[in-house]
Each structure stands twice: as structure tokens, then as C-alpha cells.
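Working notes for the structure below.
The values are calculated or read from the model by the stated rules, or taken from the named source; none is laboratory data. Being a predicted model, the structure only gives us computed values, none of them experimental. With ideal geometry, Cβ positions are generated from the backbone for all residues, glycine too; neighbour counts draw on all protein chains shown. The protein model used for the area step is the full one, side chains on, heavy atoms only, and it has no ligands, DNA or RNA in it. Shrake-Rupley method; radii C 1.70, N 1.55, O 1.52, S 1.80 Å.
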Amino acid sequence: MLKLDRVFFALGLIGLGILSLVFGDFALQWQPVPAWVPARVFLAYASGAVMVVGGAGLLWKRTAVLSSGVLFVYSLLWLLLLKLPHVVMAPLQEFNWLGFGEIAVIVAGAWVLFASDRGQQESSGLKFATGESGMRIARYLFAFALIPIGLSHFVYAPQTIGFVPEWLPFRPAWAYLTGAGHIAAGLGVLLGVFPRLAALLEAGMIGVFTALVWVPLVVKTPSQLNWTGFLISWTIAAAAWVVAGSLANKQSPATN
């Protein structure tokens with residue numbers, strides 16, 4: 001039986017792929033492909049197809065290994081080509097780190113699935129990225145990615161507070177609390193302090209954020225932006241869940 005974390009991760013990617021195919025575009029600011037890129041619309045359709053076919057392939061045993069490998073490479077290129085350059089060019093701008101961290105969580109989820117599906121490879125070229133060693137690196141990437149996500153809640157407090165539903169009391173407190181929660185979850189996984197619980201709580205927190213913030217926005221205004229934000233948030237939550245599934249409560253990422 002398929003694990004629910006894999007199913008939710010696959011559904012998030014399929015949804016993002018469908019959006020790309022419907023709008024002939026990438027995932028907006030989460031996938032900032034410049035307008036000057038040659039054959040941009042064709043690449044957007046190709047990107048959407050990769051996410052739809054790759055996500056669907058995760059759900060079938062015969063194609064899971066190939067699909068997880070393709071999605072790992074795809075998401076890693078997404079991170080390195082579209083997010084890392086902004087961090088390198090403006091490392092003191094926290095929003096660049098925020099964007100990098102969000103996509104790095106998705107990469108970590110794809111990497112865990114790839115490492116798990118592929119198993120430990122004897123080939124020296126793949127051994128570091130597969131099996132337990134690959135999952136260990138993915139967990140470290142996940143842990144480090146959560147820290148700038150959490151810091152953004154403090155650096156951009158007014159914007160973060162604006163996302164908190166108006167009917168909730170003490171809105172600034174929720175913004176700061178969730179920021180601290182991201183950082184605590186990252187440190188919990190990094191230092192091996194109940195890492196599975198930390199990752200599960202992170203997945204739950206992002207899932208609640210998705211339900212309270214993006215679902216109402218999609219219902220009120222089902223625009224490309226709101227659908228993209230909803231599906232990105234969904235996929236990040238699912239990726240955290242995938243990482244949590246690879247962890248044991250009392251083991252650090254280095255030893256699990």
C-alpha cells in the first residue's frame with residue numbers, strides 16, 4: 001500500500017504541473033524563469049509535463065524508481081538554476097534565502113524518495129546520493145532549509161502578520177510563534193532532538209497554514225497566483241512529511 005506522504009507529495013507536484021499546462025507558465029515567483037529565456041513557453045509546458053508524469057509515476061511501483069530519480073534531478077535543477085543565483089548575487093537579502101529554503105524542502109522530499117526507492121548503489125557515482133547516505137544528506141538539507149524560512153517571519157514580520165487570518169486573536173504572536181517553530185524544527189532535525197517529531201510538527205504546521213491561508217484565498221479568488229501558492233504550500237508540507245517518514249524519534253540524521 002502506498003504511504004500517504006508519498007501520495008500527497010505526488011498530488012502536489014501533479015497539481016503544479018497541471019497549472020503549468022493550463023497557463024503555459026512556470027510557478028510564478030516560486031519558479032522565476034526570466035522572460036528572456038528562449039522557448040520559455042515550450043519549457044513551461046515541458047516542466048508541467050515532467051511534474052504531472054513524474055508525480056503520477058511515484059504512485060506506481062514499476063515506475064517509482066525512475067520517477068523519483070527524474071523528480072529529484074528536476075527539483076535540484078529548479079533549486080540550483082532558479083534560486084541559488086539570487087542567493088549568491090544578494091546574500092544579505094533574506095527573501096532570497098526564504099525562496100531557496102522553500103524549494104530546498106521540496107528537493108529534500110524528492111531526494112528522500114529517490115534514495116529510498118533506489119536503495120544503496122554499489123556504483124561510486126551514485127552511492128553518496130542513494131540509500132541511507134542519500135537520505136542523511138537530504139535530511140540535513142531539509143533541516144538547514146527551515147532556518148531561513150523561520151527567520152523570514154521575523155525579518156518580514158508585517159508581511160507575515162498580514163497572512164494570519166483576521167479572525168485569529170494575537171496575530172503578531174502567531175507570526176512570531178510559527179517563525180520560531182520553523183527554526184526549532186530545523187534545529188531538532190539537525191541536532192537529533194526528536195527529529196521525527198520535529199519534522200512531523202513542521203509538516204503539520206505548514207499543512208495548517210495551507211488550510212487557513214491558501215484555501216480561503218483560492219475559494220475567494222481562484223487565480224493562477226493563489227492556486228500556485230496553495231499547491232506550493234501543499235507540496236512543501238508533503239515534503240516535510242516525507243522527510244519525517246525517513247526519521248526515527250531518537251536518532252540524529254547522521255546516525256539514522
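Checking each residue in the range 10-47 for being under 17 Å from the mean Cα position of the chain (by Cα), over 13 Å from residue 229 (Cα atoms) and surrounded by fewer than 16 Cβ atoms within 10 Å (Cβ to Cβ) picks out only 32. Filtering the range 56-66 to residues that are within 20 Å of the chain's Cα centre (by Cα) and either assigned to a loop (DSSP other than H, G, I, E, B) or under 23 Å from residue 222 (Cα atoms) (or both) leaves 58, 59. On the stretch given as the range 73-120, residues that are under 22 Å from residue 131 (Cα atoms) and open to solvent by 30 Å² or more (accessible area, probe 1.4 Å) total 8. Assessment of the range 183-194 against the conditions (over 20 Å from the mean Cα position of the chain (by Cα), surrounded by fewer than 22 Cβ atoms within 10 Å (Cβ to Cβ) and of a type in the set (Val, Ile, Thr)) yields at least one matching residue. Applying a threshold of 6 Å to beta carbon distances and a minimum spacing of six or more residues, or different chains, the list of pairs starting in the range 185-206 at a residue that is at positive phi and ending at one that is part of a loop (DSSP other than H, G, I, E, B) and of a type outside the set (Val, Ile, Thr) reads 192/252; 194/249. Of the residues 216, 148, 169, the single one that is surrounded by fewer than 18 Cβ atoms within 10 Å (Cβ to Cβ) and over 30 Å from residue 24 (Cα atoms) is 169.
So which residues in the range 220-256 are more than 18 Å from the chain's Cα centre (by Cα), at pLDDT 95 or above and either crowded, with 17+ Cβ neighbours inside 10 Å or part of a helix (DSSP H, G or I) (or both)? Residues satisfying the conditions are 220, 224.
Considering the range 118-152, and only residues there that are of a type in the set (Val, Ile, Thr) and over 17 Å from residue 80 (Cα atoms), the residue that is modelled with the lowest pLDDT turns out to be 130.
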